[in-house]
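The values are calculated or read from the model by the stated rules, or taken from the named source; none is laboratory data. The structure presented is a predicted model; accordingly, all values stated were derived computationally and were not measured. Positions of Cβ are backbone-derived with ideal geometry, glycine not excepted, and every protein chain shown enters the neighbour counts.
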Amino acid sequence: MAELSQVDAPIYDALRRLRRMRVVPFDVPGHKRGRGNMELTEFLGEDCMSVDVNSMKPLDNLCHPVSVIRDAERLAAEAFGAANAFFMVGGTTSAVQSMIMYACKGGDKIIMPRNVHRSAINALILTGAVPVYVNPDVNNQLGIALGMSVAQVEKAILENPDAKAVMVNNPTYYGICSDLKKITELAHAHGMLVLVDEAHGTHFYFGEDFPITAMAAGADCASVSMHKSGGSLTQSSFLVLGERVNADYMRQVINLTQTTSGSYLLLSSLDISRKRLALSGREIFAKTVELAEYARKEINDIGGYYAYSRELINGDSIYDFDVSKLSIYTLPIGLAGIEVYDLLRDEYDIQIEFGDIGNILAYISVGDRPRDIERLISALAEIKRRFGKSETGMLTQEYISPIVAERPRKAFYADKRSLPLDEAAGHICSEFVMCYPPGIPILAPGELITDEIIRYIRYAKEKGCQMTGTEDINIEHLNVLC
Amino acid sequence: MELWFTERHTPNVKFSIKVDHQLYSGNSEFQRIDIFDSKEFGRFLTLDGYMMLTEKDEFIYHEMITHVPMAVHPNPKNILVIGAGDGGVVRELTRYPSVESIDLVEIDELVVEVCKKYLPTTACRFGDPRVHVFYEDGVKFIRRCEDMYDVIIVDSTDPFGPGEGLFTKEFYGSCFKALREDGIMVNQHESPFYDEDAAAMQRSHKRIVESFPISKVYQAHIPTYPSGHWLFGFASKKYHPTNDYNGTKWSMKGIKTRYYNPRLHTGAFALPNYVEELLKDVE
């Protein structure tokens with residue numbers, strides 16, 4: 001290991017060695033390098049199928065790494081400035097769940113913002129941990145939830161000195177960062193772990209002039225979606241750890257739910273992407289930011305739209321902003337974000353990351369070409385010209401503070417019945433309701449259903465948001481506690 | 001020794017021209033540019049290996065893309081040309097004394113430089129004081145234009161590569177906005193013959209139909225383009241390409257042409273049944 005450096009990619013190299021050896025496979029997968037499933041092989045390519053292989057001695061084992069995967073994890077830890085790193089093949093969802101399951105047993109308290117991804121609340125259902133929600137600050141103009149204010153976190157810590165951990169969502173989908181360093185110091189001073197959902201912050205570790213990373217801020221665990229801005233395959237992710245986390249116990253926690261047949265396609269994509277970012281991340285993200293800044297300026301020049309950036313920074317709940325994000329407020333042109341999102345796809349063949357009630361997010365990466373950016377800007381200008389209308393009557397509120405009536409785990413497993421949406425107010429919900437993306441729950445198990453929330457769900461449905469989470473696929477009924 | 005330029009028109013069809021010698025080859029930020037000399041077609045320009053023009057048949061393309069809108073519009077003064085770095089469209093436009101200004105937007109400066117040096121047949125009127133050249137992405141340039149032009153000529157390459165933005169709905173919509181209330185947009189409309197070209201043709205037609213109240217298609221025969229059967233789009237806010245056309249008035253201008261004439265103008269809008277059907281499918 002001593003001689004390995006960031007130019008190496010141990011898993012990638014091991015797979016290439018294996019391919020050259022032309023080993024005769026009498027193990028799984030049964031497609032046997034693709035020969036047993038030609039239609040799939042023609043679709044995905046022979047090169048791809050030939051490395052879709054199972055754990056074996058030369059390739060190490062994800063559940064118990066001792067050779068190439070261990071080496072690759074050490075290189076990843078080094079690249080992220082972490083004490084340890086884990087290759088995750090169940091998405092950042094599994095990384096988020098693992099860090100919560102590491103920190104909390106049943107009944108333990110965890111302090112977290114309510115606008116977390118559903119994966120975090122799922123972990124509460126799995127562990128039986130009790131959430132202490134810190135309601136995020138809300139920007140009333142944009143209608144979006146912001147970061148956590150330090151004072152609010154401090155209040156939650158003082159009121160719940162027995163809490164085991166503080167979880168921070170940093171950056172948010174929209175690019176907003178909290179004061180991670182101060183929150184970390186505060187939590188550590190009270191003996192709590194700091195867990196960071198850093199799904200949208202991979203590039204912070206490799207680019208220049210980005211907001212502080214979880215590891216640099218001294219946080220204990222961070223879930224990093226390498227497949228978002230890092231360029232690896234969908235579903236691959238990193239869990240990185242600080243000094244005070246017991247990595248061997250963390251591995252046991254991960255192995256509770258992670259597959260024993262980790263995909264080498266995913267693993268090699270993490271390995272190669274880590275190498276690429278470690279070697280040329282600075283140029284890659286400088287280019288990304290340049291494209292995003294250009295698009296932001298042009299979009300703001302159209303008028304009506306507001307592509308926001310660092311000017312929002314307020315020293316607390318918007319402590320910093322990720323300028324690689326292209327988040328755009330659309331209500332001034334009289335269209336909900338989701339409507340602009342749909343028009344871009346249906347009218348202009350442009351697919352963006354998401355649209356919600358008041359905003360859209362276009363994901364910018366090094367894979368974008370200037371000419372595609374021009375198309376996006378022109379399409380937005382055209383949408384304003386052709387479909388723009390008066391702003392009146394547009395719902396702005398994006399975030400409704402929930403009323404938690406029951407623990408998520410208890411509510412999820414409780415006896416329940418199904419009620420029509422319009423009759424559900426006043427009852428406690430036993431399931432999730434959310435727009436996906438972004439996947440931040442409007443209702444989570446254990447929360448009180450209010451008229452305001454029902455109105456919001458109706459409005460979001462009417463505007464065309466893709467709603468998920470409920471047992472009733474049409475979201476006409478909600479499961480409530482008996 | 002035999003040296004041949006070959007372009008694949010479909011995976012199963014090739015088109016070749018015997019090359020006498022190669023005059024230029026270079027790469028710009030956007031594409032590979034080549035100039036060849038040939039016995040049969042004279043000099044020709046290719047971009048990324050695709051035929052753009054030959055000295056022998058360029059007049060057909062340039063006359064048809066220029067004179068059709070210029071003859072329908074009663075008083076075209078301000079013209080925008082997008083693409084057309086070879087100068088052929090500009091050459092035809094400068095023959096109209098009534099034109100006051102010609103803005104040419106070409107993404108690739110090197111194309112213009114190379115054409116000025118090697119293709120004087122087309123790149124001969126860049127010096128006309130009415131001509132203003134902007135080296136910029138056409139999609140970006142037109143975004144800021146409103147109610148400015150009488151005629152827009154979109155002389156694009158293909159719906160893939162650097163010119164692909166010129167086949168999009170956002171671009172056609174921007175053109176609509178950039179035109180005056182009686183403006184006309186004409187565009188290179190691909191070919192109806194081979195399947196892939198026909199699909200691209202239908203796609204751009206659909207987008208134009210959705211952007212303009214009047215949207216018609218006319219044809220010409222261009223020997224060096226795939227299948228030789230080529231289409232142009234005529235999109236307009238007010239004028240119908242044949243009903244509002246006064247051939248005598250155009251003839252009186254005394255512009256000498258080798259392909260275009262008033263009878264052909266009307267005839268070019270009469271399309272084969274299979275083409276009519278392809279268009280109707282997306283209208």
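Brief remarks on what is shown
- Where B:GLY183 falls short, out of the listed (1) touching a Lys or Arg at 6+ places or on another chain (Cβ under 6 Å); (2) within 14 Å of chain A (Cβ to nearest Cβ); (3) not aliphatic (A, V, I, L, M): (2)
- Of the residues in the stretch B:148-160, not one is more than 17 Å from B:PHE269 (Cβ to Cβ), within 14 Å of another protein chain (Cβ to nearest Cβ), out of contact with any strand residue (DSSP E or B) (no Cβ under 6 Å at 6 or more places or on another chain) and of a type in the set (Gly, Ala, Ser).
- Residues within the stretch A:459-482 that are part of a helix (DSSP H, G or I) and surrounded by 14 or more Cβ atoms within 10 Å (Cβ to Cβ), tallied: 4
- Scanning the stretch A:398-413 for residues that are more than 30 Å from A:ILE328 (Cβ to Cβ) and in a loop (DSSP other than H, G, I, E, B) yields a total of 4.
- Summed over the stretch A:288-320, residues that are assigned to a helix (DSSP H, G or I), in contact (Cβ under 8 Å) with a residue 12 or more places away in the chain, farther than 28 Å from A:LEU239 by Cβ and not aliphatic (A, V, I, L, M) total 5.
- When restricted to residues that are touching a strand residue (DSSP E or B) at 6+ places or on another chain (Cβ under 7 Å) and surrounded by fewer than 20 Cβ atoms within 10 Å (Cβ to Cβ), the stretch B:170-192 contains 1.
- When A:LYS105 is tested against (1) more than 23 Å from the chain's Cα centre (by Cα); (2) not in a loop (DSSP other than H, G, I, E, B), only condition (2) is not met.
- Checking each residue in the stretch A:156-193 for being in contact (Cβ under 8 Å) with a residue 60 or more places away in the chain, closer than 30 Å to A:GLY143 by Cα and of a type outside the set (Gly, Ala, Ser) picks out A:MET167, A:PRO171, A:TYR173, A:TYR174, A:ILE176, A:CYS177, A:ASP179, A:LEU180.
- Selected residue (criterion: farthest from the other protein chains (Cβ to nearest Cβ)) from residues of the stretch A:382-401 that are under 25 Å from B:PHE167 (Cβ atoms) and surrounded by fewer than 24 Cβ atoms within 10 Å (Cβ to Cβ): A:GLY388
- Subset tally (residues that are farther than 17 Å from A:GLY358 by Cα and touching a residue at least 40 places away in the same chain (Cβ under 8 Å)) for the stretch A:453-482: 11
- Enumeration of residues in the stretch A:223-245 that are hydrophobic (A, V, I, L, M, F, W, C) and without any contact (Cβ under 8 Å) to a residue 60 or more places away in the chain: A:MET226, A:LEU233
- In the stretch A:357-391, residue nearest to B:GLY173 (Cα to Cα) [restricted to those that are among the acidic types (Asp, Glu) and under 27 Å from the mean Cα position of the chain (by Cα)]: A:ASP372
- Meets criteria (of a type outside the set (Gly, Ala, Ser), under 24 Å from B:GLN22 (Cβ atoms) and out of contact with any strand residue (DSSP E or B) (no Cβ under 8 Å at 6 or more places or on another chain)) for B:CYS124: yes
- Against the list (1) assigned to a loop (DSSP other than H, G, I, E, B); (2) modelled with pLDDT of 95 or more; (3) under 27 Å from B:GLU210 (Cβ atoms), the condition A:ASP368 fails is (2).
- Put simply, of A:ASP349, A:ASP271, A:ASP301 the only residue that is buried (at least 21 other Cβ atoms within 10 Å of the Cβ) and either closer than 27 Å to A:ASN54 by Cβ or among the charged types (D, E, K, R) (or both) is A:ASP271.
- Some residue of the stretch A:298-319 being charged (D, E, K, R) and within 14 Å of chain B (Cβ to nearest Cβ): yes
- Residue among B:GLU164, B:GLU196 that is more than 14 Å from every other protein chain (Cβ to nearest Cβ), at pLDDT below 95 and surrounded by fewer than 20 Cβ atoms within 10 Å (Cβ to Cβ): B:GLU196
- Unmet requirement for A:ASP320, which otherwise passes all of (1) modelled with pLDDT of 95 or more; (2) of a type in the set (Asp, Glu); (3) under 28 Å from B:GLY163 (Cβ atoms): (3)
- Filtered residue count, the stretch A:364-381, keeping only those that are surrounded by fewer than 20 Cβ atoms within 10 Å (Cβ to Cβ), within 11 Å of chain B (Cβ to nearest Cβ) and not charged (D, E, K, R): 1
- Residues of the stretch B:74-99 that are aliphatic (A, V, I, L, M) and surrounded by fewer than 22 Cβ atoms within 10 Å (Cβ to Cβ): B:VAL99 alone.
Residue-wise test of (1) out of contact with any strand residue (DSSP E or B) (no Cβ under 6 Å at 6 or more places or on another chain); (2) crowded, with 24+ Cβ neighbours inside 10 Å; (3) of a type in the set (A, V, I, L, M, F, W, C).
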| site | (1), (2), (3) |
| --- | --- |
| A:ARG74 | yes, no, no |
| A:GLY81 | yes, no, no |
| A:THR92 | no, yes, no |
| A:VAL96 | no, yes, yes |
| A:ARG114 | no, no, no |
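- Cβ-Cβ contacts under 7 Å between residues 6 or more apart (or on different chains), taken from a first residue in the stretch B:118-146 that is within 14 Å of chain A (Cβ to nearest Cβ) to a second residue that is polar (S, T, N, Q) and buried (at least 17 other Cβ atoms within 10 Å of the Cβ), are listed as B:VAL139/A:SER378; B:ILE142/B:SER174; B:ARG143/A:SER378; B:ARG143/B:SER174.
- Residues in the stretch A:402-426 that are among the acidic types (Asp, Glu) and surrounded by 15 or more Cβ atoms within 10 Å (Cβ to Cβ): A:GLU406 only.
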